[in-house]
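The values are calculated or read from the model by the stated rules, or taken from the named source; none is laboratory data. Since the model is a prediction, treat every value here as computed from it, not as a measurement. Methodologically, a virtual Cβ is constructed for each residue, glycine included, from the backbone with ideal geometry; neighbour enumeration extends over all protein chains shown.
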Amino acid sequence: MEITPILLLKAYAHGYFPMAERGDSDELFWLDPPMRGILPLDAFHIPHRLRRQLRQRPFEIRCDSDFAGVIEGCAESRPERPQTWINDGIRKLYSSLYSMGYAHSVECWRDGVLAGGLYGVTLGAAFFGESMFSRVPDASKVALVHLVALLRDGGFTLLDTQFTTEHLARFGGCEIPQSDYKARLNDALGNVGQWRPERLLDALDAFLT
């Protein structure tokens, strides 16, 4: 079955998300793990060092200005992850969702160069985080804090991280059972979150206060 952008949105609404085995694979497969990673928006933790760094505004933060560049950054091989799960099918699908207004990126720029960022999908009051990357230390962390500030400001109630890593656990990331996740997902889909990048700085200031 061909995965279309509309089918992808329906899958998200039922708790599924796609991945590829490798970046050079032609196939995608669906995942619906028994334990799901989330970042609770009302209990997000900012480490003290990062909080100080954020107040120094180390990057220019943009939203949705180079979505394709963010996906390419996320697909780059790294020492800790030599193989990527982002193939051409993923690129095309999420680029289509971006054109449709469902996919978004938060980007860190320095001296006119994309230093890091993340991307994901919005549906109702849920944000489905897909991937993040850094070419400069802490860029993805800074992008994540700005994302959470935007989601809180816009009335979102669910930040899905798919899985939980040691990195995300530092910010309060945790795993919850599939049944709990789907109950939260249904609640989030019954509401409308507002993606308002024009409020980014105000949202961050309110979050850090």
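Given the criteria charged (D, E, K, R), on the phi < 0 side of the Ramachandran plot, in a helix (DSSP H, G or I) and loosely packed, with under 13 Cβ neighbours inside 10 Å, does ASP180 qualify? Criteria not met by ASP180.
Return the residue satisfying two criteria in turn: it lies in the range 19-41 and is within 16 Å of the chain's Cα centre (by Cα) and either loosely packed, with under 13 Cβ neighbours inside 10 Å or at pLDDT 95 or above (or both), and of such residues it is nearest to GLY155 (Cα to Cα). I'd like the intermediate steps shown before the answer.
Pass one, the range 19-41, residues within 16 Å of the chain's Cα centre (by Cα): 19, 36-41.
Applying the additional criterion that residues be either loosely packed, with under 13 Cβ neighbours inside 10 Å or at pLDDT 95 or above (or both) yields 36-41.
Details: ARG36: 22, GLY37: 20, ILE38: 16, LEU39: 15, PRO40: 13, LEU41: 10 Å.
The selected residue is LEU41.
Given the criteria exposed (fewer than 13 other Cβ atoms within 10 Å of the Cβ) and among the acidic types (Asp, Glu), does GLU72 qualify?
Values: exposed (fewer than 13 other Cβ atoms within 10 Å of the Cβ): no; among the acidic types (Asp, Glu): yes.
Considered against the rule, which asks whether it is exposed (fewer than 13 other Cβ atoms within 10 Å of the Cβ) and among the acidic types (Asp, Glu), GLU72 comes out as no.
The set of residues in the range 105-120 being touching a residue at least 40 places away in the same chain (Cβ under 8 Å) and either basic (Lys, Arg) or assigned to a loop (DSSP other than H, G, I, E, B) (or both) consists of ARG110 alone.
Among the residues of the range 83-104, is any under 14 Å from SER134 (Cβ atoms) and either modelled with pLDDT under 95 or outside any helix (DSSP H, G or I) (or both)? Break it down stepwise before answering.
Just the residues of the range 83-104 that are under 14 Å from SER134 (Cβ atoms), to begin with: none.
No; the residues of the range 83-104 include none that is under 14 Å from SER134 (Cβ atoms) and either modelled with pLDDT under 95 or outside any helix (DSSP H, G or I) (or both).
Answer with yes or no whether PHE133 is within 13 Å of PRO40 (Cα to Cα) and either modelled with pLDDT under 95 or in contact with a strand residue (DSSP E or B) (Cβ under 6 Å, 6 or more places away or on another chain) (or both). So PHE133 fails the test.
For the range 121-167, residues that are in contact (Cβ under 8 Å) with a residue 12 or more places away in the chain and either at positive phi or in a helix (DSSP H, G or I) (or both) total 19. Of the residues that make up the range 167-178, is at least one polar (S, T, N, Q), at pLDDT below 95 and either over 14 Å from the mean Cα position of the chain (by Cα) or farther than 25 Å from ALA115 by Cα (or both)? No: zero hits. Residue pairs whose Cβ atoms lie under 6 Å apart, sitting 6 or more positions apart in sequence or on different chains, and linking a residue in the range 182-209 that is farther than 20 Å from GLY101 by Cβ to a partner that is hydrophobic (A, V, I, L, M, F, W, C), are ARG184/LEU158; LEU204/ALA149; PHE207/ALA149.
Each residue in the range 133-176 was checked for being under 24 Å from ALA68 (Cβ atoms), polar (S, T, N, Q) and buried (at least 19 other Cβ atoms within 10 Å of the Cβ), and 2 of them qualify. Modelled with pLDDT of 95 or more and not aromatic (Phe, Trp, Tyr), is that true of SER77? Criteria not met by SER77.
Residues in the range 14-56 that are touching a residue at least 60 places away in the same chain (Cβ under 8 Å), over 30 Å from LEU201 (Cα atoms) and outside any loop (DSSP other than H, G, I, E, B): PHE17, PRO18, MET19, LEU31, MET35, ARG36.
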